[in-house]
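Q: Just passing along the structure, written as structure tokens.
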Amino acid sequence: MTVTHSRPHTLAQFARRARMSAQRLRVLHGERRLPAPDGVDPDGVDVWSAATIDRWLRDTGRTVPDDAVWPFGWPDATEPAEVVWSGDIDLPRGHTAAVTIFDGAGQPVIYAVGYVGQDVSRDTIAEAAIARLDPDRRPGAVVVQPYLLDPRPDGPYPHLELWRMPEQPDPAPEPAPAVLPAMLRRFLPQREPVAAVRQPVIGRQRRPDAPEYAGSVFASEAARVLGRPMPLWWAGTSTAQIMRTVRLLDQPRPVSIPDTITEWPAAIARLAAALEHSMHTSYPQAFALLARETRAAHRDVSAALTHPSTGDGWYLAVAPQPPTWPAVAEQRAAVAAGRDLDPEAALDELDRLAQVEADRPWRLGDPYGDALRQAILLLRGRLAATHPERVYTFCVTYSWPDAHGPIHDEYRRHLARLTPADAHGDPERPTRRLVRLLTEDATDAAIAHHQMLDRARERLIDLYRDPQGRLVAHLSAGIPGIADHLLIEWPTSMPPAGWTAQTVIAADKTYSATGLFALTPGPDGALLAPQPVPNPGDEPRYTFGYDGNSPAVLYQALVRCVLGDWTSAAQEGWVQRLATRPDDDQGRTHSRLWQQIVTSQGALRLSWADVQQCVRDDQEALSLRGQGRR
């Protein structure tokens, strides 16, 4: 009998595979003594894969079927499996992966590991590894790839992902029934076509000539049939140089390497740079928070790296060295970490640090620049709840990818072009503030990996300042038919003074996110410079014209601007509460402002005076509901 191992098994099919009575298996299922199901069929009935069934049979000492999938039906190895071949295989786009092919009781078992920094899927690696075999050796071959481990408190995860080639090729699909000629269809009775029975999919789809993904196996299960423990890898350590060392030594114990994968190297580099620049005396409040964070990183990483390096059927290929303190740094960090926070002094430091950090020339891997930025984030985190008006003076980068329309044109009319003489006007020697704008607040790691700064500079047309001094970058869209792309330093504070009863909240017609501005006529009737509408204490991400999360962000922003309250109208708050009433079974939202946002087609125009009244109406409605009144 031919068994398709990727086909899911119902409880009755489980019973046949396990050679047990269906009644007995139903009892075990009711007692929760069967393995967890892998999914459900179209009728919602639990189903199990053959691998899950075979593993359960072996673990419970029952007879495993003759056609059991690897490794559950294979006998225990009496000696280490022979290495048939070991080396690198070629992958698309010039990438490579490390592969070792074992002779697992006459069946090829391929162990594969992708190298660091290569954006290649595991399915691609498995397919390329199988292609390394001669065609007659591929049926039944398996590929195992270790999960890349992250340092964490609960230790390594000793599992391997499994791919396998079917023993037999997939059967050819049955030909579709021929369609009757039109003349005969007029005389013969119409019959509904028989719907094909769709099998629920467990795992991933594959091409007929590619290995199928088969879930995961314990490292101990693979080691049992190969007669040797399987190496596991910390994420970020599988470099070509280290891989060669591990492969040549071929010893079931970890090779000691410097720590390049945990948070400790960056944390201690920031602290050391802060000490070198006398942050502990110039900014003692910020340094105290930085010291506490560094001590916490030392504690957490020490715990993560002291877990066992070997276990049942596995060993760590490499072991990062545990964290150590440089001379003096540990003592000064301990003293500073004990300092109580002085909010007023911390606020003063926050203002000064923000200016120093923004003006500092950007350099990839600058530990003192990173220390300044981290100290600012830590101070903001501690002070945001009690002093939001002092904390939310910074901007976030707002991406307007399809900037067009009359509001856009009016906004651009008030921008002043920067020259290289401006502190932030030279993209070839950018400041940290300018890099944040051009890379949309990306991390240094993302900037380096994706070459984000270089790509932004290739598209950059001009740099500007708005009337309030915020930076704006004008980029080419790079896509035919799409308008220009603006990156704008968008405020997170409350709206500025000066909005009047004549102010209009306006946005151009949009196909995605859009810039939202306040338009206010001056005393002489001339329009003042458009002012970005903030979402106080949060990011904008404004859209409108439909019901969803992004329009809810716009609603939330307007509520906060009206009430001057940093915490009002959370996305899951006002909109949902106003949408639910016992006497309304249609789910309509009882907010005039919300209805205006979600039904506005084309351009958006909202009277600020009307917005203020709508918000107060919504606030009153919620207050009445809170008192149990209708």
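Q: Whole number in Å², please: accessible area per residue of the stretch 204-345, 1.4 Å probe, ligands, DNA and RNA not counted.
A: Heavy-atom SASA per residue in the stretch 204-345 reads 48 Å².
Q: OK, next. With a sphere of radius 15 Å drawn around the Cβ of Leu11, what net charge do the other residues whose Cβ falls strictly inside it have (Lys, Arg +1; Asp, Glu -1)?
A: Around Leu11, the charge tally is +3.
Q: Something else: How much length is gained on full extension from Asp67 to Arg459, taking 0.36 nm per residue of separation minus their Cα-Cα distance?
A: Difference between extended and current length: 135.3 nm.
Q: Still on this structure, please answer the following. Please report the net charge: other residues with Cβ closer than 11 Å to the Cβ of Trp74, K and R +1, D and E -1.
A: -1
Q: So, in nm, how far is label Asp348 from label Arg7 when the simple model puts each one 7 Å beyond its Cα toward the Cβ?
A: Each label point is offset 7 Å from its Cα along the Cβ direction, giving 7.8 nm.
Q: How much accessible area does Leu377 have with a 1.4 Å probe, in Å² rounded to the nearest 10?
A: 80
Q: What list of whole percents do you get for P(r) of the stretch 301-389, with Cα-Cα distances grouped in 10 Å bins up to the one holding the largest distance?
A: Histogram of Cα-Cα distances, whole percents per bin: 12, 28, 29, 19, 10, 2.
Q: Run a plain Debye calculation on the chain (Cα atoms as equal point scatterers, no solvent) and give log10 I(q)/I(0) at q = 0.06 Å⁻¹, rounded to two decimals, same order as the q list.
A: -0.53
Q: Determine the calculated [θ] at 222 nm for the chain from helices alone, applying -39500 (n - 2.57) to every DSSP H run no shorter than 4 residues and normalising by the residue count; nearest 500 deg cm²/dmol.
A: -10500 deg cm²/dmol
Q: Using a 1.4 Å probe on the protein chains only, how many percent of the accessible area of the stretch 345-427 belongs to carbon and sulfur?
A: That fraction is 55 percent.
Q: With a 1.4 Å probe and all protein chains left in place, how much accessible area per residue does the stretch 52-115 have, in Å²?
A: The answer is 45 Å² per residue.
Q: Using DSSP loop states and a limit of at most 16 other Cβ atoms within 10 Å to flag GluC sites (Glu not before Pro), what is the longest stretch of the chain containing no flagged site?
A: Segment 168-427 is the longest.
Q: Taking the Cα-to-Cβ direction at Glu167 and at Ala303 and moving 7 Å from each Cα, how far apart do the two end points lie in nm?
A: Calculated label separation equals 4.8 nm.
Q: Which percent of the accessible heavy-atom area of the stretch 1-103 goes to carbon and sulfur, probe 1.4 angstrom?
A: Carbon with sulfur: 47 percent of the solvent-accessible area.
Q: Which order do you get for Arg541, Arg412, Arg33 if you rank them by accessible area with a 1.4 Å probe, largest at the top?
A: Arg33, Arg541, Arg412
Q: Enter the per residue convex hull volume of the stretch 306-449, computed from alpha-carbon coordinates, in Å³ rounded to the nearest integer.
A: 244
Q: Let me check against my output: what whole-number percent is the relative contact order of the stretch 437-564, with C-alpha pairs under 8 Å and at least 6 apart?
A: After rounding, I find 16 percent.
Q: Around Asp508, what is the net charge, scoring Lys/Arg as +1 and Asp/Glu as -1 over all other residues with Cβ under 15 Å from its Cβ?
A: In short, 0.
Q: Any idea which of Ala274, Trp362, His404 is furthest toward the positive side of the dipole for the chain, if Lys and Arg beta-carbons carry +1 and Asp and Glu beta-carbons -1?
A: After comparing all options, I get His404.
Q: State in Å² the accessible area per residue of the stretch 369-499; use a 1.4 Å probe, count heavy atoms of protein chains only, and round to the nearest integer.
A: Per-residue value: 46 Å².
Q: Here's something else I'd like to know. What translational diffusion coefficient, in µm²/s and rounded to a whole number, does the Stokes-Einstein relation yield for the stretch 461-566 at 4 °C and a viscosity of 1.567 mPa s, taking the hydrodynamic radius as the Kirkwood radius over Cα pairs?
A: Estimated diffusion coefficient is 86 µm²/s.
Q: How many nm separate the modelled label positions at Thr124 and His590, each set 7 Å beyond the Cα in the direction of the Cβ?
A: 5.5
Q: With a cut-off of 8 Å between alpha carbons and a minimum separation of six or more residues, what is the relative contact order of the chain in percent?
A: Here the relative contact order equals 8 percent.
The values are calculated or read from the model by the stated rules, or taken from the named source; none is laboratory data. Quick caveat, the model's predicted, so the values are computed rather than measured. Glycine gets a Cβ as well: all are built from the backbone with ideal geometry, and neighbour counts include every protein chain shown. Calculation scope for accessible area: heavy atoms of the full protein, side chains included, ligands and nucleic acids excluded. Shrake-Rupley method; radii C 1.70, N 1.55, O 1.52, S 1.80 Å.
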